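Here the structure comes first, spelled out in structure tokens, and everything after it is commentary.
The values are calculated or read from the model by the stated rules, or taken from the named source; none is laboratory data. These figures come from a predicted structure and were not determined experimentally. Here Cβ is always computed from backbone atoms with ideal geometry, including for glycine, and neighbour counts include all displayed protein chains.
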Amino acid sequence: MRKKFLSVLLSAAMMTTLVTGCASSSGNEQSTTAGKTPQTETTTAAPTAEKVTLKWAIWDKESTAYWQALADEYEATHQNVTIDMVDLGSTDYMTVLATELSGSGTEFDVVTIKDVPGYATLVQKNAIRPLDDYIKADGVDLTKYSGVTDQVTVNGSLYELPFRNDFWVLFYNKDIFDAAGVDYPTNDMTFEEYDALARKVTKTDFGNQVYGAHYHTWRSAVQLFGVLDGKHSILDGEYGFFADYYNMVLNQEKDGVCRKYTDLKTEGLHYSAAFSGGDVAMLNMGSWFIATMITNLANGEYDSSLCGNWGIVKYPHAEGVEAGSTLGTITGLAVTTATDTPDAAWDFVKWVSGEEGAKVMAETGNFPAIMTDEAMSIITSLDGFPKDEASKEALTVSNLYLEVPYAENVSEINSAIDSYHGSIMSGEMTVEEGIAAMEEAVKAIKNK
Amino acid sequence: MAKTKSKSRHDLTKRVILYAILIIIAVIMAIPFIWMLSASIKADREVFQMDPFVLIPKNPKWSNYAKIWTKIPMLTFVKNTVFLTIVVTLLQLFTSSFAAYAFAKLRFKFRNGLFLAYIATIAMPWQVYMVPQFLMMRSFGLNDKLLAIICLQAFSAFGVFMMKQFYEGIPDELSEAARIDGMTEYQIYSHIMLPLSKPALSTLTIFTFVNTWNDYLGPLIYLKSVDKKTIQLGLKMFISQYSSDYGLIMAGSVLSLIPVIIVFMCLQKYFVEGVASTGLKG
Amino acid sequence: MSEKKIAEINMLQSQLDELIAKVCSGIEDKKEEKKCLSRIEKLRRTISKMRSGSKLSRDFKRDIISYSFIAPNFIGFAVFTLIPIVFAFALAFLKWDGSNAIEFMGLKNFKRLGSDVFFKAAFKNTIIYCVGTVPLTMIASLALAIILNQKVRGRAIFRTLSFFPYVGSLVAVTSVWKMLFHPSKGPINSILYHVFNVPLDKLPQWFSGGLVLLSLILFSVWKYMGYYMVIYLAGLQGISGELYEAGSLDGANTWQKFRYITWPQLRSTTFFVVVMLTINCFKVYDIAVMLAGGGSGELTTSSTVLVYYIYQKAFVDWDLGYSSAVAMVLFAIVLLVTIVQFAYQKKTSD
């Protein structure tokens, strides 16, 4: 009884501050309870509707072309709607967003979901709405998203619609291979072949180093080679399958094939700076980097004499696994629980994730979640996309595994293996110790 | 005679050692700043060149200082930070000296209890209560508003504590005499105490100015939109996007240091005196 | 005024006079004296209240004036600091993610700490960091203050210079340190390699593994010694010159003068410096993240600190109750250390 009293008292006190705050914040009256039942009958934005402003959370507005393009295009076809973008920056985006959506005081209507751990957090906090009723009412065909929506379905409900679907490929610098007289990487390479190739083009002479490979400091860049056989996932709790890939990368590091993790960490080197510097032969990275390369080479930000002659191929694969298996990262849109214009917000989400949005995405060199042949041909025929056939071929994916699928504890698991990835890569722990520590930490999280 | 000679020689060696130590310390203190200045006018590939190391490159890239203003909205960041710092510092000076006067010179109910509340929070790291604080602030509609940082920084316990120590050092006779002359407490505060507290106020100004100008975590949590961000956030944002543009990063860093250093130089005359008189020394 | 009331006032008045007489004649026991004084104060208040009747008493007026002085600061302080602190205390016994219903956890959050490897690592690292930083900073700043208290040429310049690191912003200063100590390109390792012939694979990795805490400590000493130097400088200026003259007459050398004059005279300054240093050291966060943070800003078990873990648990995992529990541990240590220092200070000064 006493316990209950205390918690009631506390939440009451908290609520009072919340309520008084809501009243004092200008023009932000919203009822959180009313929002829980979507009024599906008015889903299609009525053309005569009064003016609506949708506040939309995004990141890196200056360096990412599609946000503005999407907003402009939507506003042009929906005269009554104004899209108000708020740039939260990419570094701590999901943390900042989750903070923003805590409690009930947010002003955001639509939010962009950057990764699955962050998505899990928002779903658990009831910060975003289930979209099932809307999806049913408007007859959205989820099969168009080629199965990725299944991996982020929570207890039968979907809380986001993906609009961008990136997958990892291998970028390479043709000039380096030409200079070394080595054949280009191909669309069908095993890891042994890939490793040998990286070593062949490496030059360790001081002052003129050429790195055969480059791995960004994210754990995805190393660990997730291991999930491509479709038998493992980072939620497993057993991580023995990481070992071979850690050993491969650490050996490369030792032999000067790739930059040292500790150096990268100290200088915070961005992978784009590494690749555009012209001394990296191969870089495994998400397909979003294609748009970055095209734009920055066109506007002169990157020196085309250093990295202008580039190409892409499919991810290398383990022995016995089909070529074209790769990792996917989806970017989605969600409607906040707190919005007072859920229908208008949903309409925007549906539009961006639908075919109209897909076209805008493709035109800016990005991969829409609905990958139509039309979108594909728009991207491959973009000015600045590599001209060779292999690069076009590289975009066909056979198996796509999400970097992180949904799970209840995914955010904590993610933090734990992130931390031990750092320990292994910086030599604080051996590969075996690091993996054992990961397994122990994840076990503790699951048993909590 | 001989004794004084040996003594003066002894003094001389002592002085030589003293200066040697001083110069070593000065070098340790200054090297990072010299490196910062030097790197800020270098091209990226020159920054780490050690053989030979040049302090000023042959073709200094002064353009770094111009470029930083266009690469990130530096002007907005500077404006926000200047605004925040000035408002916070003024509020801090006014409210804490006002409250400290009462704590030091007036007797009233719950005086000790209230003061204890201030003292206890000095030992409480901000991170301990930043989450509830954030939720509360946001419910006041202060999220993503510069006002949030003002509320956060302007009422620190440290300011009150420091000013109280200072006022306690001023003899009571002074205010007693004024009271007999029929001055109100407000007049005593403004006509007698305030003019006396120049050193303490200068010290508090330096502390508050430096803290607000350099604060990182507070603005990170509260200020989300780019047009609200401060220099520190902007600089960090720039570093994560252009990690290898060392020249630009250093130019930005140098710019971010200038205002604090100017304030410090202007007030340092009172500084040691201020610390001495506020009883911070214990 | 009724007669009954007047009689009552007279009675109280006589009690008061009696007490005053007792105090004036002198009381041996200090405690007893204090007791009497507080009773006098109380009686005086009651009497004045009764005399003035319904009108505002003088005490009340005085309180109002005092509160008007405190109010501008106190209201802000209470709303933005005190209330959140109370919430933070309560949170440690609850489970809350900032949005959903609150659950009562009792001591479960605290029990969880025992089996949490990340917490244990953070705890250990924080302690090591403090144990290293506090004495080093204290010694360095005291030495610096003593040197800069002498009559040396360019004293003002040296003082200003040693305050620079404190004034410089962390973002700017850490990025310079990371350049200077860059494991393969930085000038420090370059010198080790070229001048001291340290082999390439033996060059120190300043920001990871076993060295990371040492780097954090060295950085903190560098950054904050100027600040504490000023406090010591103020303390030194409070020592009367006559003491040193007397010391010289007795033939004391430099060390003896320090040992028997400077050090004891600075005891309260040292106390203040150590308390402030300890509190600030336990709060370490941005230094660790900015110097040792990895690709996603994460700290490994060799560099994680308590406040980082508090932040992580609160703003990334949204386990606010657990995060608060860690925060309470932090608060408890700070409190404990401060109390011990107070006790020690009191014991040695008596």
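Here are some notes:
- When B:Lys79 is tested against (1) under 30 Å from C:Ala156 (Cα atoms); (2) more than 10 Å from chain C (Cβ to nearest Cβ), just one condition goes unmet, and that condition is (1).
- Taking the criterion of being among the hydrophobic types (A, V, I, L, M, F, W, C) and either in contact (Cβ under 8 Å) with a residue 24 or more places away in the chain or crowded, with 16+ Cβ neighbours inside 10 Å (or both), the residues of segment B:33-74 that qualify are B:Phe33, B:Trp35, B:Met36, B:Leu37, B:Ala39, B:Ile41, B:Ala43, B:Val47, B:Phe48, B:Ile68, B:Ile72, B:Met74.
- The single condition among (1) more than 30 Å from A:Gly308 (Cα to Cα); (2) of a type outside the set (S, T, N, Q); (3) not in a helix (DSSP H, G or I) that A:Trp346 does not satisfy is (3).
- The set of residues from segment B:150-159 being assigned to a helix (DSSP H, G or I) and within 15 Å of C:Val79 (Cβ to Cβ) comprises B:Ile150, B:Cys151, B:Leu152, B:Gln153, B:Ala154, B:Ala157.
- Residues in segment A:238-248 that are free of Cβ contacts under 8 Å to residues at least 60 places away in the same chain and surrounded by 15 or more Cβ atoms within 10 Å (Cβ to Cβ): A:Phe241, A:Tyr245, A:Met248.
- Residue within segment C:296-304 that is more than 7 Å from every other protein chain (Cβ to nearest Cβ) and either assigned to a helix (DSSP H, G or I) or of a type in the set (Phe, Trp, Tyr) (or both) present: no
- Members of segment C:167-185 found to be at the interface with chain B (Cβ under 7 Å from one of its Cβ atoms) and either in contact with a Leu (Cβ under 7 Å, 6 or more places away or on another chain) or closer than 16 Å to B:Ile258 by Cβ (or both), listed by number: C:Val167, C:Gly168, C:Ser169, C:Val171, C:Ala172, C:Val173, C:Val176, C:Trp177
- Listed by position, the helices (runs of 4 or more DSSP H) contained in segment C:96-177 that have at least 3 residues being crowded, with 22+ Cβ neighbours inside 10 Å are C:117-148, C:155-167.
- Of the criteria (1) more than 14 Å from chain A (Cβ to nearest Cβ); (2) more than 26 Å from the chain's Cα centre (by Cα), which one C:Val316 fails: (1)
- Looking at C:Val221, C:Val198, just one residue is surrounded by fewer than 22 Cβ atoms within 10 Å (Cβ to Cβ), closer than 21 Å to C:Leu144 by Cβ and more than 10 Å from chain A (Cβ to nearest Cβ), and that residue is C:Val221.
- Criterion violated by B:Tyr186 - all others in (1) touching a Lys or Arg at 6+ places or on another chain (Cβ under 9 Å); (2) exposed (fewer than 14 other Cβ atoms within 10 Å of the Cβ); (3) not hydrophobic (A, V, I, L, M, F, W, C) satisfied: (1)
- Subset of segment B:184-211 (residues that are away from chain C (no Cβ under 11 Å) and not aliphatic (A, V, I, L, M)): B:Gln187, B:Ser190, B:His191, B:Pro195, B:Ser197, B:Lys198, B:Ser202, B:Thr205, B:Thr208
- Screening the candidates A:Thr149, A:Thr153 for the property of being touching a helix residue (DSSP H, G or I) at 6+ places or on another chain (Cβ under 6 Å) and either more than 14 Å from chain C (Cβ to nearest Cβ) or modelled with pLDDT under 95 (or both) yields one hit, A:Thr149.
- Residue in segment C:30-51 that is within 11 Å of chain B (Cβ to nearest Cβ) and either assigned to a helix (DSSP H, G or I) or in contact with a Gly (Cβ under 7 Å, 6 or more places away or on another chain) (or both) present: yes
- Segment B:129-161, subset of a type in the set (Val, Ile, Thr) and closer than 14 Å to B:Pro219 by Cβ, residue farthest from the other protein chains (Cβ to nearest Cβ): B:Ile149
- Subset tally (residues that are of a type in the set (Val, Ile, Thr), within 20 Å of C:Leu320 (Cα to Cα) and in the same structural domain as C:Ala327 (by TED's automatic domain parsing)) for segment C:100-150: 1
- Total residues in segment B:129-149 satisfying the condition of being surrounded by fewer than 21 Cβ atoms within 10 Å (Cβ to Cβ), at pLDDT below 85 and in a helix (DSSP H, G or I): the figure is 0.
- Test: residue in segment A:268-285 that is β-branched (Val, Ile, Thr) and in a strand (DSSP E or B): yes
- Boolean, A:Thr396 is touching an Asp or Glu at 6+ places or on another chain (Cβ under 8 Å) and not in a helix (DSSP H, G or I): no
- Segment B:141-185: number of residues that are over 20 Å from the mean Cα position of the chain (by Cα) and farther than 22 Å from C:Ile70 by Cβ: 11
- Scanning segment C:275-295 for residues that are within 13 Å of chain A (Cβ to nearest Cβ) and either under 17 Å from the mean Cα position of the chain (by Cα) or part of a loop (DSSP other than H, G, I, E, B) (or both) gives C:Gly293, C:Gly294, C:Gly295.
- Qualifying residue in segment A:166-178 (condition: exposed (fewer than 15 other Cβ atoms within 10 Å of the Cβ) and within 30 Å of A:Leu306 (Cα to Cα)): yes
- Residue identified as away from chain C (no Cβ under 14 Å), farther than 30 Å from C:Asp97 by Cα, in contact with a Phe, Trp or Tyr (Cβ under 8 Å, 6 or more places away or on another chain) and assigned to a loop (DSSP other than H, G, I, E, B) among A:Val140, A:Val169: A:Val140
- A residue that is crowded, with 19+ Cβ neighbours inside 10 Å, under 30 Å from B:Met136 (Cα atoms), away from chain C (no Cβ under 14 Å) and not charged (D, E, K, R) can be found somewhere in segment A:59-81.
- Answer residue from segment C:201-210, given it is at pLDDT below 85 and out of contact with any Ser or Thr (no Cβ under 8 Å at 6 or more places or on another chain) and is nearest to the other protein chains (Cβ to nearest Cβ) among those: C:Asp201
- A:Asn247 of a type in the set (S, T, N, Q) and assigned to a loop (DSSP other than H, G, I, E, B): no
- A:Ala298 falls short on exactly one of the conditions (1) touching a Cys at 6+ places or on another chain (Cβ under 6 Å); (2) of a type in the set (Gly, Ala, Ser); (3) surrounded by fewer than 17 Cβ atoms within 10 Å (Cβ to Cβ), and that condition is (1).
- The C-beta contact set for segment C:234-252 (first residue under 16 Å from C:Trp263 (Cα atoms), second residue of a type in the set (Lys, Arg) and part of a helix (DSSP H, G or I), distance under 7 angstrom, 6+ apart or interchain) comprises C:Tyr244/C:Lys257; C:Gly247/C:Lys257.
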